[in-house]
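The values are calculated or read from the model by the stated rules, or taken from the named source; none is laboratory data. Being a predicted model, the structure only gives us computed values, none of them experimental. Neighbour counts are summed over all protein chains in view; Cβ atoms, including those assigned to glycine, are modelled from backbone coordinates with ideal geometry.
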């Protein structure tokens, strides 16, 4: 219980770092499942194989979206209940989250296996690329169930004041994945299907480790059989609260699908190049996203405990940290586009040149995307789903027509411009919304200080005449 209460008492800067670092590590470990697969496939199998993995990526993003959907919806409610000292209600949310994950994950995995070929055609896979992508998708489909559970459970574990454990589970699974994928390619020559099977096994082992922890004496919350029964109102509230994250991922899949169509103008090499852009951008966006994810349970807890000064301090520090991460990493990659591109292939010089030309433009969007991401996760934490949805979904909705139009106007280079024209406007919108929220929090803090009893009055003594507050005081 002490680790939970620290969310409302520990220094906010230290607390944010303690939660952010494991969240960042967890996101990077999750991303490395994709990165390891693409690097090993690109260097060990070839450009066609990497194009096949890229075509399957919008479909595998669906599991990521469902996992974050459930983890966000359940994690916010659990944090609020723990802030109010309601452990049984928090365990009830945990049970419903697991039930939803198993049901939705099973349906998704079955659909990916049965409809693999037509779904991959929608993602621009044709000819040899399609024949490589079908066994990859069918082999990785069963692991999507465990990936959903892994991501949602990771969010729930962080709410208990143990953010480092999510990183440990994800990192351990990633090490297993890298070893098994390398063995599948270089040891047994199993190609992309072997890589998919390795990823499925690694994710399953990571989820099994999480279940062991939650049921152990080290966890404050436990899975109770009676809370796994259907509870439609509670399940609905989980789904509703996390819905903006799901829609963001669904639209993200549609964005990647649209980008694949535009890239197919340059053949398999163009699709492979988009895969490299997406992989690099994902690695750079995940650190500020980790900060935003860490902010969410901390804000929810302190809001539940009515500690508005801590909410305001957490928001300010999270925004500065996330922006420094995104802008700094984008600057580094912009300075070294050639070496970054060469990581993904040993022999395809035209692919390296295609990536080297486009990476600096892609990095402009990475530099500012932390602003709308931080704002959106803050609004999710304070149960303002509409504001969060505007920031998360608006970016995706704007991307789709740009990705359809710009390649027709500028050729393959048009794909370089779309992220910039999407993220710069929404960075401005997010900044305006955060400035307004900052002022609202300040006003509420001043109101609370005016209604709070003076220490002398609370002790039964005659209060001294108070000095006039300094103009512009926020507390």
Quick one: which helices (runs of 4 or more DSSP H) sit completely within the stretch 102-220 and have at least 1 residues that are under 23 Å from residue 297 (Cβ atoms)? 143-158, 163-182, 191-214
State whether the residues of the stretch 34-44 include one that is at pLDDT 80 or above and in a helix (DSSP H, G or I). no
Please work out if residue 120 is within 30 Å of residue 231 (Cβ to Cβ) and surrounded by 20 or more Cβ atoms within 10 Å (Cβ to Cβ). no
Filter result for the condition that a residue is closer than 17 Å to residue 244 by Cα, in contact with a helix residue (DSSP H, G or I) (Cβ under 7 Å, 6 or more places away or on another chain) and surrounded by 18 or more Cβ atoms within 10 Å (Cβ to Cβ), over 397, 373: 373
Residues 405, 424: which one is surrounded by fewer than 17 Cβ atoms within 10 Å (Cβ to Cβ) and more than 21 Å from residue 319 (Cβ to Cβ)? 405
Meets criteria (within 21 Å of residue 71 (Cβ to Cβ) and either modelled with pLDDT of 80 or more or not in a helix (DSSP H, G or I) (or both)) for residue 235: yes
With (1) modelled with pLDDT under 85; (2) touching a helix residue (DSSP H, G or I) at 6+ places or on another chain (Cβ under 6 Å) as the list, and residue 85 as the residue in question, which single condition is left unmet? (2)
Do the conditions hold for residue 391, that is, is it under 23 Å from the mean Cα position of the chain (by Cα), in a helix (DSSP H, G or I) and at pLDDT 90 or above? no
Among the candidates 167, 150, which residue alone is modelled with pLDDT under 80 and either under 21 Å from the mean Cα position of the chain (by Cα) or surrounded by 24 or more Cβ atoms within 10 Å (Cβ to Cβ) (or both)? 167
Only one of these conditions is not met by residue 133: (1) buried (at least 24 other Cβ atoms within 10 Å of the Cβ); (2) within 21 Å of the chain's Cα centre (by Cα); (3) over 22 Å from residue 28 (Cα atoms). Which number is it? (2)
If we keep just the residues of the stretch 181-196 that are touching a helix residue (DSSP H, G or I) at 6+ places or on another chain (Cβ under 8 Å) and surrounded by fewer than 20 Cβ atoms within 10 Å (Cβ to Cβ), which is modelled with the highest pLDDT? 183
Matching residues in the stretch 327-369 - criterion: being outside any helix (DSSP H, G or I) and in contact (Cβ under 8 Å) with a residue 40 or more places away in the chain: 343, 344, 345, 346, 348, 369
Does residue 289 satisfy the condition of being within 23 Å of residue 73 (Cβ to Cβ), buried (at least 19 other Cβ atoms within 10 Å of the Cβ), under 22 Å from the mean Cα position of the chain (by Cα) and modelled with pLDDT of 85 or more? yes
Condition first: touching a residue at least 40 places away in the same chain (Cβ under 8 Å), touching a helix residue (DSSP H, G or I) at 6+ places or on another chain (Cβ under 7 Å), assigned to a helix (DSSP H, G or I) and farther than 30 Å from residue 448 by Cα. Can you find one or more residues in the stretch 302-319 that meet it? no
Of the residues that make up the stretch 432-452, is at least one modelled with pLDDT under 85 and in a loop (DSSP other than H, G, I, E, B)? yes
Consider only pairs whose beta carbons are under 9 Å apart and that are at least six residues apart or on different chains; among these, list those whose first residue lies in the stretch 261-290 and is free of Cβ contacts under 8 Å to residues at least 60 places away in the same chain and whose second residue is assigned to a helix (DSSP H, G or I). 267/51
Condition set part of a helix (DSSP H, G or I) and without any contact (Cβ under 8 Å) to a residue 60 or more places away in the chain, scope the stretch 376-388, selection surrounded by the fewest Cβ atoms within 10 Å (Cβ to Cβ): answer is 386
Might you check whether a residue that is more than 30 Å from residue 444 (Cβ to Cβ) and in a helix (DSSP H, G or I) occurs anywhere in the stretch 292-299? no
